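The values are calculated or read from the model by the stated rules, or taken from the named source; none is laboratory data. The model shown is predicted, which means the values in this text are computed figures rather than measured ones. As a convention, Cβ positions derive from the backbone with ideal geometry for all residues, glycine included, and neighbour counts pool all protein chains shown.
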Amino acid sequence: MVRSELWGIVKNPPPPDQKTMDAKINKKRKFVADGVFAAELNAFFQLELSADGYSGLEIRVIPPHTEITIRATRTSSIIGGDGKRLNELTSLVQKRWGFNEKSIRLVAERLKSRAISAVAQAESMVYKITRGLPVRRAAYAIVRYVMENDGRGIEVRVSGKLRGQRGKTMKFRDGYMLKSGEPNKVLVDTAVRHLLMEQGCLGIQVKIMMPTKKQSDFGLDYIQPDVIDILNPKEEELRSAIAEFKRIDNVNAQ
C-alpha cells in the first residue's frame, strides 16, 4: 500500500497558473528548485521502496517529458504485476509535484553490482537488525560480502544504545579506504540510515571504496592521481639506450 497520506496528495489538485509557468525563472532559483525536487523525491522513495532495495535515482529532463530512473536490487517488486505498482508511483509523483498527464515516466533499473552500493548495504544492515540479528554479526556479514565481491574497502559505523543504557559507537573496517582529497569524493560511496528501536535510535553509516575500471567491470572510469603504472620499456628503446650508454662510456674513457 502506498503511503499517500504522508505526502498530502490531493485527489484533484488545482491546475498550475499558466502565468507562473510561462514566467522566466532565475537560474539560481531553478537549480535550487531542481535540488529540492530531487531531495524530496529521494526521501519519498526511501520511505516507500526501502524493502525493495532502493539505492538511488536519476532524473533526466527531455522536453516535454521527464524520465525518472529508480535504481534498486529487486526491480520486479517495484514494477508489480502488469506494471501496476509502477503506475501507482507514477500517478503519486505526478499529483504531488503537479506534473501534466503523461509528461512523467518512471523506469526501474536493476543495480549492476549490489555489493558496491552503500545504500543497498545500509538497507541490508537495517533489515538484519530489525529481524533480531546481533549488530556485530550483521556488520561482519556485510563487510565480508563487500570484500568478496570487488569492493576495495568498507567501513561500517553503528552508534547508539547497542547493549546497555549507555550509548557507544562500533566500527568495522576492512580493506583500503581513502579519507581525504578529490578521490575520496569520487571513489567513496556513503550512506546513512537511522533505525528506531525500543531502547532508542541507532545510527548506521556505511562507506564503500569503489573499484576502478582496471580492477572490476563494475568499477568507475576514474584514475587515481597517486597511482602510477610503470610500463615495461620496448625492445627498440632498450637498444637505443644501451647504444647511448656505450657512446658516453667511450667519450669518458678518452
**Request:** With the condition kept exactly as written, say whether any residue in the stretch 174-181 is assigned by TED's automatic domain parsing to the domain that holds Gln121 and at pLDDT below 80.
**Result:** no
**Item:** Pairs where the first residue, in the stretch 220-232, is polar (S, T, N, Q) and the second is at pLDDT 80 or above, C-beta under 8 Å, 6+ apart
**Value:** Gln224/Pro183; Gln224/Leu187; Gln224/Thr212
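Each row is one residue, and each column tells you yes or no for (1) at pLDDT below 80; (2) not in a loop (DSSP other than H, G, I, E, B).
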| residue | (1), (2) |
| --- | --- |
| Gln199 | no, no |
| Gly203 | no, yes |
| Lys207 | no, yes |
| Tyr222 | no, no |
| Glu236 | yes, yes |
| Arg239 | yes, yes |
| Ala243 | yes, yes |
| Arg247 | yes, yes |
**Request:** May I ask you to verify whether Ser216 is part of a loop (DSSP other than H, G, I, E, B) and either closer than 26 Å to Thr130 by Cα or in contact (Cβ under 8 Å) with a residue 40 or more places away in the chain (or both)?
**Result:** yes
**Message:** So for the stretch 155-174 (the condition being under 16 Å from the mean Cα position of the chain (by Cα) and either on the phi < 0 side of the Ramachandran plot or aromatic (Phe, Trp, Tyr) (or both)), does at least one residue qualify?
**Reply:** yes
**Message:** Can you say whether Ala115 is assigned to a loop (DSSP other than H, G, I, E, B), in contact (Cβ under 8 Å) with a residue 24 or more places away in the chain, surrounded by 16 or more Cβ atoms within 10 Å (Cβ to Cβ) and touching a helix residue (DSSP H, G or I) at 6+ places or on another chain (Cβ under 6 Å), as far as the supplied structure shows?
**Reply:** yes
**Message:** Here are the criteria: (1) in contact (Cβ under 8 Å) with a residue 24 or more places away in the chain; (2) touching a strand residue (DSSP E or B) at 6+ places or on another chain (Cβ under 9 Å). Tell me which single one Lys171 does not satisfy.
**Reply:** (1)
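Condition check ((1) in a loop (DSSP other than H, G, I, E, B); (2) touching a helix residue (DSSP H, G or I) at 6+ places or on another chain (Cβ under 7 Å); (3) hydrophobic (A, V, I, L, M, F, W, C); (4) more than 28 Å from Leu162 (Cα to Cα)) across all residues:
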{"site": "Arg71", "(1), (2), (3), (4)": "no, no, no, yes"}
{"site": "Ser91", "(1), (2), (3), (4)": "no, no, no, yes"}
{"site": "Leu106", "(1), (2), (3), (4)": "no, yes, yes, yes"}
{"site": "Tyr140", "(1), (2), (3), (4)": "no, no, no, no"}
{"site": "Val143", "(1), (2), (3), (4)": "no, no, yes, no"}
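One line per residue, one yes/no per condition, for (1) among the aliphatic types (A, V, I, L, M); (2) crowded, with 18+ Cβ neighbours inside 10 Å:
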{"residue": "Ile70", "(1), (2)": "yes, yes"}
{"residue": "Gly80", "(1), (2)": "no, no"}
{"residue": "Lys95", "(1), (2)": "no, no"}
{"residue": "Phe99", "(1), (2)": "no, no"}
{"residue": "Glu123", "(1), (2)": "no, yes"}
{"residue": "Ala139", "(1), (2)": "yes, yes"}
**Item:** Count - residues of the stretch 38-65 that are in contact (Cβ under 8 Å) with a residue 40 or more places away in the chain and of a type in the set (S, T, N, Q)
**Value:** 2
